[in-house]
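The values are calculated or read from the model by the stated rules, or taken from the named source; none is laboratory data. Since we're looking at a predicted model, the values are computed, not measured. Positions of Cβ are backbone-derived with ideal geometry, glycine not excepted, and every protein chain shown enters the neighbour counts. Only protein heavy atoms, including side chains, enter the accessible area calculation; ligands, DNA and RNA are left aside. Shrake-Rupley method; radii C 1.70, N 1.55, O 1.52, S 1.80 Å.
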Amino acid sequence: MNKKFGSVLVSVCAVLFLFAGCGQINALENAAKLATNYDITATLDYENKTLDATENVRYINTSKNELNELKFHLYPNAFRADADTYKAVNETQKPRAYPNGFSEGHITINKVTITGKEIDFAITGEDENILTVPLDSVLRPNSYVDVIIEFDLLIPNCNHRFGYGENTLNLGNWYPIACVFEDGEFATDGYSPNGDPFYSDISNYNVKIAYPSTLKMASTGTVLESTTSTATTTSTINARAVRDFALVFSEKYEVSTATVGNTTINYYYYDDTNAAAHLQTAVDALTTFNEMIGEYPYTILNVAKANFLQGGMEYPNLVYISDEVDVDSEYNNVIIHEIAHQWWYGVVGNN
């Protein structure tokens, strides 16, 4: 994979604060002031494994170019039945990813609006993996435009970043996310079943999601409020200066909590007789990396056991730990590995 370091907004500052001692929290807060904002309102239909959402993206042009269009990744379309070039699962992984047989997943864009006007958008890319939004007027450097995207998801029965299994429903890489603009063009690289193919700018997120009250949720960011009415819980979540936003839900979750400095660590688990020891592994990992690399600049870190065909997966403030890892020493190794990604990919971006 091409290791081109430096996402557009914060990599230089991140390197400076990590290695020259400037304040991590201040560096990310400064980045947040210049970042694109995502406001997402969503409803999860757990029974039918679908999700309806509206996303308001205040996109800030931080480049030196004038833009006539915007492009967004549609990563869930890698789970389509006819995905070919950019499929989510390779042939050797299919039996573990789809234990009940292949299950379709996708994202459907229903409407795109700019300043009250419906836009004739296009679904482009070799595997319908890019949303192209033409702009009515040129977006100049240091200017912004508000783009409202209405979409829905079909969530596959798949033990993957985006999918559900016997124990969890995972929403990773689930919404239209702006392609990074660099070197005079948008980076539109597709999904890959191997490695970590995602590349995105630091952004701010405000997410309001409704889901059945029988579920517990772990997510990127801080839950500002949760209210329950009849059988539905609605949570409002805020995340500043992060590269992505992910969630995981389960009816089985128990939660253990610890604190390291200014950070609360929550361990979401099921079927774990060593839960206290695994929480301590997360505590030890965060403590060690704070000393070795630089203080973790967020106040929340969620470690969540999940249905996932590989060892684990990192997202900002949230890591998945696969319930297929049945050797305790390896389970601890995965926790440590995924927490390290909070700095490398998280704070310091790489393509």
In the stretch 30-57, which residues have a backbone nitrogen under 16 Å from the label point lying 7 Å from residue 225's Cα in the Cα-to-Cβ direction?
40-42
In Å², what does the accessible area per residue of the chain work out to with a 1.4 Å probe?
42
Computed on Cα atoms, the radius of gyration and Dmax of the stretch 156-225 in angstrom are 15.1, 47
So if we plug the beta-carbon distance of residue 166 and residue 144 into 1/(1 + (r/R0)^6) with R0 = 45 Å, what FRET efficiency do we get, rounded to 0.05?
0.55
Residue-ordered couplings for the stretch 300-307, obtained by feeding phi - 60° into the Karplus form 6.51 cos²θ - 1.76 cosθ + 1.60 and rounding to whole Hz (Gly and Pro as x), are 9, 9, 9, 10, 10, 5, 7, 5
Of 102, 72, 249, the most mobile residue in a GNM of the chain (C-alpha springs, cutoff 10 Å) is 102
Can you give me the P(r) profile for the chain? Cα pairs, bins 20 angstrom wide beginning at 0, each as a whole percent.
31, 61, 8
Mind checking the alpha-carbon convex hull of the stretch 158-304 and giving the volume per residue in Å³?
145
Assuming a strict under-17 Å limit between Cα atoms, what lysine pair count do you get for the chain once near-sequence pairs (fewer than 8 apart, same chain) are dropped?
6
In deg cm²/dmol, rounded to 500, what helix-only [θ] at 222 nm does the chain give when every DSSP H run of at least 4 residues adds -39500 (n - 2.57) and the total is split over its residues?
-4500 deg cm²/dmol
Of the accessible area of the chain, with the probe set at 1.4 angstrom, what percent is carbon plus sulfur?
47
Taking trypsin sites (Lys or Arg not before Pro) that fall in a DSSP loop and have at most 16 other Cβ atoms within 10 Å as cut points, what is the longest piece of the chain between them?
65-251
Note the full-extension length gain between residue 117 and residue 47 as 0.36 nm times their separation in residues minus their Cα-Cα distance, in nm to one decimal.
21.8 nm
Label points 7 Å out from Cα along the Cβ direction at residue 277 and residue 292: separation in nm?
2.1
Expected max-MSF residue from 292, 313, 217 in the GNM of the chain (alpha carbon, under 10 Å) is 292
As a test question: what accessible area, to the nearest 10 Å², does residue 234 have when a 1.4 Å probe is rolled over all protein chains in place?
40
